[in-house]
Each structure stands twice: as structure tokens, then as C-alpha cells.
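Shown next, in C-alpha cells, is the structure this report addresses.
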Amino acid sequence: MKEEIFERYIQAGKVASTILRKGADLIRPDGSLAQTATEVEQMVIDAGLGVAFPVNISLNESAAHDTPSPEDDRTFKAGDMVKLDLGVHLDGYIADTALTVDLGDQNLLVDASIAARDAAIARVKPGVTIGELGTAVAAEIGSRGYRPIANLTGHGLDQFRLHMGPNVPNVGGIGGAVLEEGMAIAIEPFATTGTGYVSDQKRVEIFSQMAWKPVRMPTSRKILKEIEPLNGLPFARRHLKTPKPDLSLLRLVREGVLHAYPVLSDVPGSYVSQAEHTMIVTSDGCVVTTA
């Protein structure tokens, strides 16, 4: 990895880490999800960096991909388990980091995902397989009586590419992709009291452009023009200034121009925790950019 690229990852990570902690302080009973998301994203902009994806605020059994809608009036409640997932980029080089705020009394579940993340990070170095990382994650979560979420993974990162190989599993395995010096990866274990699997929900607030081709509807063209500066990074429905975008968003998804990210949830009544860091693999280990 070139030194100037490495430095961009480091700077993005420092900003993301600081803002994530400040964002966590905003999460309290009766606080507004919409206001929290707006304030966190504004901190990124005020720092002179870009928002790599809409800040995710996922509650209780929901693990990922929830972000406030334009008309969202939800508030945090006592007993909620809140995942705050933040992405920051500098010239497209991304820091992806997350934590869990427990507004109840389930500290052990929060600790399970943190311990799993840290155990996997301790094993990162060139030549290690992603199966070894997944085994470390599953062992830490299982030893505390919870389940890792099997169909969510960590992931590789590249310029303006939020999710790419290698996928870093949260369950044990043998072999798989081998870590190499210079890789940028995000490790993000999810621990759950539920089944260990998430499924798509009806709620969809996040999209990204996956194809570049002509479209006919004026509103669709306005949306694509509006998101052009994102270079394919995800955006939220609440970010759009285009009036009445919903039908055009659905059409663009059907036409394969946009990808939709439904909220991902375990079974109702369960709780999910998350912990995430971004790192760069070095010759003898890794540098955690979001530490």
C-alpha cells in the first residue's frame, strides 16, 4: 500500500473513532433517532471528510441497515440495545466502525461482540486465513452463551468500495481467503440472543448505485444526478432533495440500477450486539485505524 493511501486510511480512522464516541453519548432514553443520525453525519462533514454510508442506528433484534426515514419520529427507550455503525471516508478511503449502546442491563452481550472482535484482530497477520478469524469470533461469543450471526460478515475495503472480498466470517471454519500485507479489512462480530441468522425486513431506507445506464423517468434522472458525487457509496432516502422519490427508487431497484439494503433482523424479542474496527494488514500484524 502506498504511503499516501495508508495515511488517508489512518486519518479517516481517527476521525471516525472520535465521532463514534461522541455519537454514543447522544444515545439516551427519549432521544431522537433522526436527530442523532443528523448530528453524527454533520460531525463528519464538519471535520472535512465524507460520509461513507448513512449512519446505521439499529435497535434490539435488528442488526444492520436501519437508518432514520425522512419522517422518522422514533425515540430511544429504556431497555433498548442500540447499534451505532459509522462510515467515514477521505478521498474514498474508508473507516468503518461500530459499537453498541446498552440502555438496559445486558452488558455481557455487549462484551461478547467486543471480545470477539478483539480476539480476531489479535490473529490478523499475513498468511492467516479468514477461517481462523471466524473461529476466534465464534469461540468468544459461544463461551458467553450467545450465538454469532452466521450470515453477516466483516469485509474488505478499497477506494469508494465499502464491501469487497475477503468476507470475514463470524462463525468457525477451515481455510478460506488468506490475509495479505496491505489489505484493508473491517472485522465486525455480531452476538445475538436469537437464532444466529438475520432476515430481510420490509423497511428499506438505504440504497446504492450498482449500474450506470440511461433511465427514462425525469425523477429517476434527478436522483442519479444527485447521487453521482457518491461514486457508488450508499445513501439514505432522507438524504435526497429530489421531491417524491419513492416510486423512482423502486423502479431503479427493479431495473438493476440501484441496490436496496433492507433492515436485517434476528427474531422478534431477541437482542443483537455489534463491535467493529477497520484495520490494515502489516508485515507482522495490523494497524487498527479506528482504535
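The values are calculated or read from the model by the stated rules, or taken from the named source; none is laboratory data. In this text the structure is predicted, and so the values were computed from the model without any measurement. With ideal geometry, Cβ positions are generated from the backbone for all residues, glycine too; neighbour counts draw on all protein chains shown. Just the protein is used for accessible areas: all its heavy atoms, side chains included, with ligands, DNA and RNA removed. Shrake-Rupley method; radii C 1.70, N 1.55, O 1.52, S 1.80 Å.
Out of the residues in segment 144-170 that are more than 28 Å from Gly92 (Cα to Cα) and either under 18 Å from the mean Cα position of the chain (by Cα) or modelled with pLDDT under 95 (or both), which is surrounded by the fewest Cβ atoms within 10 Å (Cβ to Cβ)? Applying the filter and picking the extreme gives Ala150.
Scanning segment 211-256 for residues that are touching a residue at least 40 places away in the same chain (Cβ under 8 Å), closer than 22 Å to Glu41 by Cα and open to solvent by less than 30 Å² (accessible area, probe 1.4 Å) gives Gly232, Leu233, Pro234, Phe235, Ala236. Scanning segment 272-291 for residues that are in a loop (DSSP other than H, G, I, E, B) and either among the small types (Gly, Ala, Ser) or in contact with a His (Cβ under 7 Å, 6 or more places away or on another chain) (or both) yields Ala275, Ser283, Thr290, Ala291. Identify the residue in segment 95-134 that is small (Gly, Ala, Ser) and surrounded by 22 or more Cβ atoms within 10 Å (Cβ to Cβ) and, among all such residues, is farthest from Thr18 (Cα to Cα). Taking the candidates together, the pick is Gly134. Does segment 73-82 hold any residues that are assigned to a loop (DSSP other than H, G, I, E, B) and within 20 Å of the chain's Cα centre (by Cα), and which are they? Scanning segment 73-82 gives Phe76, Asp80. Across segment 188-203, the qualifying residues are those that are assigned to a strand (DSSP E or B) and not β-branched (Val, Ile, Thr), and the one among them that is surrounded by the fewest Cβ atoms within 10 Å (Cβ to Cβ) is Lys202.
Taking the criterion of being crowded, with 17+ Cβ neighbours inside 10 Å and of a type in the set (Lys, Arg), the only residue of segment 1-13 that qualifies is Arg8.
Being hydrophobic (A, V, I, L, M, F, W, C), assigned to a helix (DSSP H, G or I) and buried (at least 19 other Cβ atoms within 10 Å of the Cβ) is true for just one of Ile141, Ile185, Ile206. Which residue is that? Unique residue meeting the criteria: Ile141. Residues that are among the aliphatic types (A, V, I, L, M) and open to solvent by 10 Å² or more (accessible area, probe 1.4 Å) within segment 28-63 comprise Ala34, Met43, Ile45, Ala47, Leu49, Val51, Leu59, listed in sequence order. Scanning segment 257-271 for residues that are open to solvent by 70 Å² or more (accessible area, probe 1.4 Å) and either in contact with a Phe, Trp or Tyr (Cβ under 7 Å, 6 or more places away or on another chain) or not in a loop (DSSP other than H, G, I, E, B) (or both) yields a single hit, His259. For beta carbons closer than 6 Å, sequence separation of 6+ or different chains, a first residue in segment 160-173 that is touching a residue at least 60 places away in the same chain (Cβ under 8 Å) and closer than 23 Å to Ser208 by Cβ and a second that is open to solvent by 30 Å² or more (accessible area, probe 1.4 Å) and of a type outside the set (Ser, Thr, Tyr), the qualifying pairs are Phe160/Asn231.
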